[in-house]
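Novice: This is the structure I have questions about; it appears just below.
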Amino acid sequence: MSVTGRSSSITNAFINAIIPVIEPTEAEELEALQILGMSPDDIRCCYCGDKSTEWDHLRAIISNQEPTGYITEIANLVPACGKCNQSKGKSYWRTWMEGNAKLSPKSRGITDIEERIARLSAYEAWREPKKIDFAAVVGPEMWQRHRTNWRSVLDLLKASQELASEIRNLVAKAG
């Protein structure tokens with residue numbers, strides 16, 4: 001276990017802290033499920049068909065340690081199982097579904113991938129998701145302050161890891 005191994009979690013926390021969350025209305029949720037061919041009584045992973053355990057961002061909200069501009073709202077959320085959500089990560093959904101990534105629908109042998117892709121394509125075309133240029137909205141000075149705070153936390157993680165390694169070596173020699 002390393003302290004610096006948590007840097008992606010820190011990055012995600014910094015970006016998720018600024019991403020708006022717009023709760024869907026019941027009507028929006030029902031419409032979304034209808035487009036995906038699902039009933040509210042039996043919500044399934046849109047990628048593989050297993051029982052849904054969470055909502056996945058269809059379009060990634062983070063890429064290359066930066067916000068993509070997409071936010072958490074119904075036009076960017078689909079029901080998913082944990083296996084698919086974790087495996088897909090920030091990949092484009094269709095490329096991932098048809099690819100050989102561990103736990104992708106193709107690699108798991110999901111037989112109705114083309115039908116699922118058609119429903120997801122219809123969902124993607126349903127309505128344009130909101131996209132925000134965060135730096136432009138808050139201004140360059142505030143955006144830079146946010147980025148500086150994030151970088152300071154990552155630098156402190158690195159320094160903490162170096163100190164932890166020194167301590168571990170001293171303890172190992174004493175033991």
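Novice: If you scan region 1-39, which residues turn out to be in contact with a helix residue (DSSP H, G or I) (Cβ under 7 Å, 6 or more places away or on another chain), of a type in the set (A, V, I, L, M) and modelled with pLDDT of 90 or more?
Specialist: I18, A32, I35, L36
Novice: Among the residues of region 124-175, which ones are among the acidic types (D, E) and more than 30 Å from I35 (Cβ to Cβ)?
Specialist: Passing the criteria: E141, D155, E162, E166.
Novice: Name every residue in region 120-153 that is assigned to a helix (DSSP H, G or I), touching a residue at least 60 places away in the same chain (Cβ under 8 Å) and surrounded by 12 or more Cβ atoms within 10 Å (Cβ to Cβ), in order of residue number.
Specialist: L120, A122, Y123, E124, W126, F134, H146, W150, V153
Novice: Can I ask one more? Could you grab the pairs with beta carbons closer than 8 Å, sequence gap of 6+ or different chains, first residue in region 6-29 and under 16 Å from K130 (Cα atoms), second one among the hydroxyl-bearing types (S, T, Y) and surrounded by 15 or more Cβ atoms within 10 Å (Cβ to Cβ)?
Specialist: Once the first residue is under 16 Å from K130 (Cα atoms) and sits in region 6-29, its partners that are among the hydroxyl-bearing types (S, T, Y) and surrounded by 15 or more Cβ atoms within 10 Å (Cβ to Cβ) give I19/T72; P20/T72; V21/T72; I22/T72.
Novice: How many residues are more than 37 Å from the chain's Cα centre (by Cα) and among the β-branched types (V, I, T) when one looks only at region 159-175?
Specialist: Total meeting the criteria: 1.
Novice: To continue, here is another question. Condition check: closer than 23 Å to R6 by Cα and more than 12 Å from the chain's Cα centre (by Cα). Does N85 satisfy that?
Specialist: When the stated conditions are applied, N85 does not pass them.
Novice: Taking region 26-72 as the region of interest, how many residues are of a type in the set (G, A, S), surrounded by fewer than 19 Cβ atoms within 10 Å (Cβ to Cβ), under 19 Å from the mean Cα position of the chain (by Cα) and more than 30 Å from T148 (Cβ to Cβ)?
Specialist: Total satisfying the criteria: 0.
Novice: Report those helices (runs of 4 or more DSSP H) wholly inside region 1-94 carrying at least 2 residues which are β-branched (V, I, T).
Specialist: 7-16
Novice: Would you say K106 is free of Cβ contacts under 8 Å to residues at least 40 places away in the same chain, part of a loop (DSSP other than H, G, I, E, B) and farther than 21 Å from P24 by Cα?
Specialist: Yes.
The values are calculated or read from the model by the stated rules, or taken from the named source; none is laboratory data. Just so we're clear, the structure is a prediction, and the values are computed from it rather than from any experiment. When we count neighbours, we look across all protein chains shown, and the Cβ atoms used for this are built from the backbone with ideal geometry, even at glycine.
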